[in-house]
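This report concerns only the one structure given below.
The values are calculated or read from the model by the stated rules, or taken from the named source; none is laboratory data. Nothing here was measured: the structure is a model prediction, and the numbers come from that model. Here the Cβ is made from the backbone with ideal geometry for all residues, glycine too, and neighbour counts use every protein chain on show. Only protein heavy atoms, including side chains, enter the accessible area calculation; ligands, DNA and RNA are left aside. Shrake-Rupley method; radii C 1.70, N 1.55, O 1.52, S 1.80 Å.
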Amino acid sequence: MKDYNNLFLKVKYLYAKIDYQQEVFQQAKLDFEEYARKFCEENGIEIDSKTTDVDIRRDRIAFNIEDIKAESAHIKKLFRKIAIMTHPDKLTKLDDYERERKTELFLKAREAAEAGKWFALVETANALGIQTPKPDEEQIGLLNSESEIIDKDIENIEASYAWIMYNLETDEQRKLLMTTYLKVLGVHFGKDTD
């Protein structure tokens, strides 16, 4: 199915994008917190360390990640095939490297199956040379759900003050953003900053 292949590639791209964004976001949060401390210090604003919690989104987006634990026959069947090849109890005769590799694949597959993540299961199956079932509407639905969740995660990162600040080019823009952020937190400024 052409739709399935395109959607599979989209989900693969989204996972690569979110992996990159999460890595950059960790540093952006640290930079944001440091900038907030310095900004407040320079402007005589007293706040506690909890006030610079960068998980507050600029439009207060809540993390409502849908629980997509699927009762999918495809997920159960593919996970069983993976478990037969990778379950730690079945790996006693393998060398340390191969046992560790297959144990990691088993844990990744179990996590994916529990979360209803079809893409991760297929990737694990492919790494083991397991043939995946012919694409159908249910699998397209699973990939669509996965895609929507990743899109929401990306939107949440991009809506954070830390991410916005990371992408600003001038210190003037950063000061304006920090002022807005602190006002949202209820910090009152003198006449010259309002």
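A few points about this structure:
- Nonpolar atom fraction for segment 116-194, defined as the carbon and sulfur part of the 1.4 Å probe accessible area, stands at 48 percent.
- Partner lysines for Lys10 [C-alpha distance under 19 Å; skip if fewer than 8 residues away on the same chain]: Lys2, Lys117, Lys134, Lys152
- For segment 124-194: rounded, prolate or oblate by the Cα gyration tensor [a/c cutoff 1.5]: prolate
- Sites Ile84 and Asn6 - FRET efficiency at Förster radius 22 Å, r taken between beta-carbons, to 0.05: 0.10
- Table column - 3J(HN,Hα) (Hz), segment 171-181, Karplus curve with 6.51, -1.76, 1.60, x for Gly and Pro: 5, 4, 5, 5, 4, 5, 5, 5, 4, 4, 4
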